Amino acid sequence: MDGGQPVHLLASTRRRVVARLLDMGVAYIATMATVGSAMAVALLSPDFEFAQMAWVVLTAMVLTFVASTLLRVARLVWWGCTVGQRIAGIRVVQEHNGLRPTWRQAFNRWVVHNRMIMIPLLNDVVRHRRDQRLGQCIHDRQAGTVVVMAQAPPPAARTATQG
């Protein structure tokens, strides 16, 4: 703690890229699982007609949206990181107080990130590297969040606070 505030180390570009690639893989698996399950239910139904395919596709799209929202938004609010960020050892915190993002911040991050037209991974790296102060991408700046290392405090600090 530094003056009552937690000390955070900013996440490196390498860890952010690894986390993003892992999250893309998780999103791909979740999408395939939701679309595949919707298709399987429809095709295995004895009274299925191909005219109903529009409803199957719509259901798959809704399930994909829900899965994506849970993976990218709810995990940030509940645990402070996505699956990829957890594996990469980083997390997202509020810029002004270091706490986990609120629902609004997590949702804003997700919306702004999905709105980017350029290749998101490349665009994120460029924006992150240009921001000398906090290494924020567009979606971090818009939501008021920062990506930091998710490390436990050093052993000396842990023993001092425990006993």
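The values are calculated or read from the model by the stated rules, or taken from the named source; none is laboratory data. Only a predicted model underlies this, so the values are computations on that prediction, with no experimental measurement involved. Cβ atoms come from the backbone with ideal geometry, glycine included; neighbour counts cover every protein chain shown. Accessible surface is based on the protein model in full, side chains and every heavy atom, while ligands, DNA and RNA are left aside. Shrake-Rupley method; radii C 1.70, N 1.55, O 1.52, S 1.80 Å.
Miscellaneous remarks
- Residues (within 12 Å of the chain's Cα centre (by Cα) and open to solvent by 90 Å² or more (accessible area, probe 1.4 Å)) located in the range 22-71: MET24
- Within the range 47-63, no residue that is more than 16 Å from GLY36 (Cβ to Cβ) and in a helix (DSSP H, G or I) sits with its Cβ atom under 6 Å from a residue that is open to solvent by 90 Å² or more (accessible area, probe 1.4 Å) and at pLDDT 80 or above at 6+ positions apart or across chains.
- Criterion violated by GLY98 - all others in (1) within 22 Å of ALA150 (Cα to Cα); (2) part of a loop (DSSP other than H, G, I, E, B); (3) open to solvent by 80 Å² or more (accessible area, probe 1.4 Å) satisfied: (3)
- Check on HIS139, under 18 Å from LEU10 (Cβ atoms), in contact with a Ser or Thr (Cβ under 9 Å, 6 or more places away or on another chain) and modelled with pLDDT under 80: no
- Selection count where residues are buried (at least 18 other Cβ atoms within 10 Å of the Cβ) and either of a type in the set (Phe, Trp, Tyr) or outside any helix (DSSP H, G or I) (or both), scope the range 72-95: 7
- Meets criteria (outside any loop (DSSP other than H, G, I, E, B) and within 18 Å of VAL147 (Cβ to Cβ)) for VAL66: no
- Checked against (1) surrounded by fewer than 17 Cβ atoms within 10 Å (Cβ to Cβ); (2) within 22 Å of ALA30 (Cβ to Cβ); (3) modelled with pLDDT under 85; (4) not charged (D, E, K, R), THR159 passes all but condition (2).
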